[in-house]
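Written out below as structure tokens is the structure these notes cover.
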Amino acid sequence: MTTRPYNFSAGPAAMPEAVLQTAAAEMLDWHGSGMGVMEMSHRGKEFGAIYEQAEADLRELLAVPAHFKILFMQGGGLAENAIVPLNLSRAGTVDFVLTGSWSQKSAKEALRYCSPQVAASAQESGFTTLPDPASWRLSAGASYVHLCSNETIHGVEFQALPDLKALGSNAPLVIDFSSHVLSRPVDWSRVGLAFGGAQKNVGPAGVTLVVVREDLLGHALPACPSAFDYKTVADNGSMYNTPPTYAIYMAGLTFQWLKAQGGVAEMERRNIAKAELLYGYLDASSFYVNKVAHAARSRMNVPFFLRDESRNDAFLAGAKARGLLQLKGHKSVGGMRASIYNAMPIEGVQALVDYLRDFEKEQA
Ligand SMILES: Cc1ncc(COP(=O)(O)O)c(C=O)c1O
């Protein structure tokens, strides 16, 4: 049971309370070392142990095969929009599937380094659908295909990753999994590279996870900064430069918490139940509306609207008074958004549904 309000922020987002408690207890002295984690050399044996455990736990949780490297980098998702093409594009053609703000941003940034092509776009639907992979126009000889597997702002999520080979492309698939990493399994047989900022489902902002197939390393453009060359980062065990040590430690605590909960399979089960509860209520109500097509709905980010938007401020004030925080939607979409990442218990979603019902009754 949580002792804190339920926080529906899209990110930086709520963390498991048990993780925060452990971090608080270890703040001044990590495991009798006399040092807090922020004060340790990244090359010392104490941090070395934290790092190795975090990497091993992430590999286990996501069942990352041995021929993929796990990198802990800096710069966040937006920096990866440059770092990926700098490493993988070979300055050639890259196919983009546009499903919302984040994939659009990725394609725009890639233009600085390579030739992005729009293979498919859901813009016409206002990004409330996902384009059917069978209709994608994939380029022959593309360096890679990029998609955002969960669009945090528009609330659309790929329920399965495309099989590019079956679609006639030999290009590796790159996914931005920032906002649903560890909420469901990843089919690595379909992925060349996955990246994600930590601040939604993993830990504090400042560390970026990159999982990359080994054969994709070693092709960086000459202009690629050394600290962002995946091969250099991999060869140095993510310690070519000083890594974001405290964020890695916090991510490691989250990984341990996830394992104790039953791992990603259990998280997926809970996330399905949470999403069904919330979408179920929204769909049954004529007071609220979610505009995303059923098959494209995100289990993590649920944008919704009050049909009468003049009630938005009253809704948010009432939510806050009930201990339901950060429900305001992204400014580009408006309305409300409930982000229900791994750290959100079903009790929090139930509390939100109870509030949705009470607010509707009170306003009738
Ligand atoms: C899917 C996705 N990609 C990329 C980003 C950008 O991440 P950052 O702000 O860490 O650069 C976000 C941030 O919200 C996101 O949700």
Open item on the list: I'd like the antiparallel share, as a percent to the nearest 5, of DSSP beta bridges with both residues in the chain.
Closed with: 55 percent
- [ ] May I ask what percent, to the nearest 5, of DSSP beta bridges between residues of region 152-237 are antiparallel?
- [x] 60 percent
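Which percent, to the nearest 5, of DSSP beta bridges fully inside region 61-156 are antiparallel? Before the final figure, lay out the partial values.
Working: 1 of 10 bridges.
Of all bridge pairs located within region 61-156, approximately 10 percent are antiparallel.
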Open item on the list: Taking R0 as 22 Å, what FRET efficiency do you get between R90 and S226 from their Cβ-Cβ distance, rounded to the nearest 0.05?
Closed with: 0.75
Task: D283/M35 FRET efficiency (R0 56 Å; Cβ-Cβ; nearest 0.05) - done: 0.60
Task: Where only C-alpha atoms are counted, convex hull volume of the chain per residue in Å³ - done: 132 Å³
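Lys and Arg at +1, Asp and Glu at -1: add these up for the other residues within a Cβ distance under 11 Å of R322 and post the number. Numbers along the way, then the final one.
Details: positive: K320; negative: D354, D358.
Residues close to R322 contribute a combined charge of -1.
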TODO: Calculate for the chain the 222 nm mean residue ellipticity that helices alone would give, adding -39,500 (n - 2.57) per DSSP H run of length 4 or more and normalising by residue count, nearest 500 deg cm²/dmol.
DONE: -10500 deg cm²/dmol
Open item on the list: If you split all Cα-Cα distances of region 239-335 into 5 Å bins from zero, what percentages do you get per bin, shortest first?
Closed with: 2, 10, 14, 17, 15, 13, 12, 9, 5, 2, 1, 0
Open item on the list: Sequence gap at least 6, Cα distance under 8 Å: using those rules, report the relative contact order of region 202-282 to the nearest whole percent.
Closed with: 34 percent
Open item on the list: Through the Karplus equation 6.51 cos²θ - 1.76 cosθ + 1.60, θ set to phi - 60°, convert the phi angles of region 58-69 into ³J(HN,Hα) values in whole Hz; use x for Gly and Pro.
Closed with: 5, 4, 5, 4, 9, 6, 6, x, 5, 8, 10, 9
Task: Inter-probe distance in nm under a simple model that places probes 7 Å from Cα toward Cβ, at L28 and A273 - done: 3.9 nm
Open item on the list: Need one number: nm distance between label points at N236 and A79, each 7 Å from Cα along Cα→Cβ, rounded to one decimal.
Closed with: 1.2 nm
Task: Inter-label distance for L167 and Q21, nm, one decimal - labels placed 7 Å from Cα along Cα-to-Cβ - done: 4.5 nm
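By the scheme Lys and Arg +1, Asp and Glu -1, what is the net charge of all other residues having a beta-carbon under 12 Å from that of L221?
On the way: positive: R90, R112; negative: D229.
Neighbourhood net charge equals +1.
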Open item on the list: Below 8 Å, C-alpha to C-alpha, sequence gap of six or more: please give me the relative contact order for the chain in percent.
Closed with: 22 percent
Open item on the list: On a full-extension model of 0.36 nm per residue, what is the gain between K108 and R311, subtracting their alpha-carbon distance, rounded to one decimal in nm?
Closed with: 69.5 nm
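Go through K291/K328; K274/K328; K69/K231; K331/K361; K165/K291 and tell me which ones have a Cα-Cα distance over 21 Å in this structure.
Working: K291/K328 16 Å; K274/K328 19 Å; K69/K231 10 Å; K331/K361 27 Å; K165/K291 32 Å.
Too far apart for the 21 Å limit: K331/K361; K165/K291.
When the dipole is taken about the Cα centre of the chain, and only Lys, Arg (+1) and Asp, Glu (-1) are charged at their Cβ, what size is it in debye, to the nearest 20?
Working: 32 positive and 35 negative charges, 106 e Å.
That gives the chain a dipole magnitude of about 520 debye.
Just want to confirm a number: the relative contact order over region 42-200, from Cα pairs under 8 angstrom separated by 6+ residues, in percent.
Working: 254 pairs, mean separation 33.4, N = 159.
RCO, region 42-200: 21 percent.
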Open item on the list: Would region 93-219 count as rounded, prolate or oblate if I go by the C-alpha gyration tensor, calling it rounded below 1.5 in a/c and otherwise prolate when a/b exceeds b/c, oblate otherwise?
Closed with: rounded
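Bear in mind that the values in this text are calculations on the coordinates, not laboratory data. These numbers come from a predicted model, not from an experiment. Don't worry about glycine lacking a Cβ; one is built from the backbone with ideal geometry, like all the others, and counts go over all protein chains shown.
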